[in-house]
1. Taking the condition of being surrounded by fewer than 17 Cβ atoms within 10 Å (Cβ to Cβ) and in a strand (DSSP E or B), how many residues in region 331-341 meet it?
2. Within region 452-470, is even one residue touching a strand residue (DSSP E or B) at 6+ places or on another chain (Cβ under 6 Å) and surrounded by fewer than 15 Cβ atoms within 10 Å (Cβ to Cβ)?
3. Has region 759-773 got at least one residue that is in contact with a helix residue (DSSP H, G or I) (Cβ under 7 Å, 6 or more places away or on another chain) and over 26 Å from residue 722 (Cβ atoms)?
4. Restricting attention to region 886-912, and to residues there that are surrounded by fewer than 19 Cβ atoms within 10 Å (Cβ to Cβ) and closer than 23 Å to residue 325 by Cβ, which single residue is farthest from the chain's Cα centre (by Cα)?
5. Have a look at 240, 249 and point out the one that is over 30 Å from residue 281 (Cβ atoms), part of a strand (DSSP E or B) and modelled with pLDDT of 95 or more.
6. Answer yes or no as to whether residue 178 is part of a loop (DSSP other than H, G, I, E, B) and touching a residue at least 60 places away in the same chain (Cβ under 8 Å).
7. Return the pair list, or none, for Cβ contacts closer than 6 Å from residues in region 369-396 that are more than 25 Å from residue 454 (Cα to Cα) to residues that are part of a loop (DSSP other than H, G, I, E, B), at least 6 apart or on different chains.
8. As an exercise: evaluate residue 882 against (1) surrounded by fewer than 19 Cβ atoms within 10 Å (Cβ to Cβ); (2) in contact with a strand residue (DSSP E or B) (Cβ under 9 Å, 6 or more places away or on another chain) and give the number of the one condition it does not meet.
């Protein structure tokens, strides 16, 4: 649950009682400060990671993936695409700039962040607590005062190939205090380790790559909210290193509230209004009869102020430099916005990316207007241009009250506060009996408005070719029922994409994609609960009597937000994507159906009870393509999933929140009564830990002239913990439409009980196959058809597993082949290949051991090294003609029938020059994105030309 909400409820209810009973405001400000202290913001990069993990980015959410590639770092073992990413869900009033302005962030690669629940884990949850779960009143009192916590922080992380989240297992005995045993939600092949959260994390992915997250990111209260990647190293010692610069980011953080109390015989109470830091008390001064109802009358008293700091901040860490073999990427910032990206190769700048912004008036908020690419090698440039829905006057995020209940702008400039205008009832002693009177509170219309909700959202993007895409939005809605049971559409907050229109250079419409969130013409959608009201009792104690009053809080922020716990505002199980041409004719239609086998949290008494297993969301269960003329399906793809879990290690990750059941106002201050010691307990579950969801069944069906052709793949997963962690199938059975069947069996390093298998498993190098066997079904059952065996050897230097031999056998020995790799260099590169039916092949590596620069067929690696005029170490610093002058003489040392091929590279793009054994030269050219644009032969004639539209 959103901890900010919990603290807000407690703080406001507590402080209002203090103000009324004591007539002073210092205690109020202190309590409000406690709420502020417990709200821990995170940086935009961290927030984006949390969004993507909790909320799948696909049609299931009504969002589209929109990105601009900046550059792709490619080393021997790693690929890291750097790209600008846009969130099409709308811009909230409180939103600050992302790395590249409103709505835009940069995917810089792996990171770790967390959502702090109460106090950070290292200050409470991970310290052994013998009273955990106790009903002892003194202990529960500590919980209400924030001195004890039973909620784990939720951590989010990403690697190059995966992302997920985890919590730490609670210490159950004193010897486990300070232990860090992760429980994964969901389970992945990654391994997370730390000895102290404050010092950072080490994550080992399923390929054995080690990520070190050591650069901490702090909130303005000194709490660590994230850890940035400092370096990643492969088993073969390839490495990327990251350095950072601190950027202070500021966020709007205002809130208003009303607290309403019934009126008793002796207490002429009323309601409190907190707006813009000023607190007023509306004391009930009687009531009058109007239209057969009693309406309350009030007198206004200025009580004082409460701590309504309209800003919050975080010291975010943005990448300054990413370095790797033969290159680096450098980032420059101005006013916390990314301004320039410099890409270097072999010490020379080869590309520069410049970002230009449109500045808004308040809080430094900006809109990314243009992204310019300059290729310094061939002196070419290209640009992306963006336009936005900025057709209203700029508003101040800290001053405007024109905010819908989901946090988006709604244009209601007449609002006087942030609480929905609404009718409330007060209990009254009327003619000796308890009756009801009414009054209106709140000064806001918080209805969503599509015209204003899309303010500052991206309207169009123009690509370097001149083509343009225009985005059309609509409000997120879901089917609901009103109080009479009638079907209605309710709003769920933010925007969903309605259509994307593509126009050519002249602005002529070429095609349009429309997104329909419905099934058989009926709208679909699921949304979690949100409530802005919380209720409890307030007790006035006198020497010989007591009076109990109903007491309610109406907040501008959700007092309970199941959406925050679920990580998403709405999910659409059925989405149709219809493409129309420039004449409006439908040319294609695709239907998507997503998994609905998950649970949104429920809200009970203003607390979120979260039984959601969020990793079940966003799973595609069916995709269907249609013939638009006949409206009949032509292809159908269906998926069925299964849940697999570690053996005897699937704890239910849960938490407990405790509140006072009563607010007590005693005649004598400082005197504790039994009524102070009544509490309300709320339990919730985050989900079942160490569990994952995998594809069990895939059915592909094609329709030809009324005939159905269907192929099926059934997957079986192993039962060991390593099988579950990897998520790899141990068997796949293929069932074809002609009745034939094929079975594939797989084994992996953790199935191999030898020194190499154990070493690979210990290094978490578990995703490489050890054996693949195929068999086909015959009259007497399955018969072996082929197998492929992979043998590895341990490198004595690094301890990593190197591929030593691959053996292939085909049906009844009709074909068999064994290929061995007996020689590797110190970096794990294959240097020699041997086959019984082919000449030996030697490979020489250059460019800091990252690329093969010569392949010699017919000579061993040792022979080739002996024939070189320089050492292999000297090759690493050579390029161009200097490299050729060293390698081409190998043809004299190894004449025919030996064959020598020589290569040169632009290391971050690819091969640029190949000198074949016959002396023919082929050259290759690339654009700034590293995409192949041109291939020319030895005479300069173009053999291949590629033009990219975007």
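The values are calculated or read from the model by the stated rules, or taken from the named source; none is laboratory data. Remember, it's a predicted structure, so these values are computed and weren't measured experimentally. Methodologically, a virtual Cβ is constructed for each residue, glycine included, from the backbone with ideal geometry; neighbour enumeration extends over all protein chains shown.
1. Adding up the residues that qualify gives 5.
2. no
3. no
4. Filtering first and then ranking leaves 901.
5. Only one candidate qualifies: 240.
6. The answer is no for residue 178.
7. 373/928; 375/928; 382/464
8. The number of the failed condition is (2).
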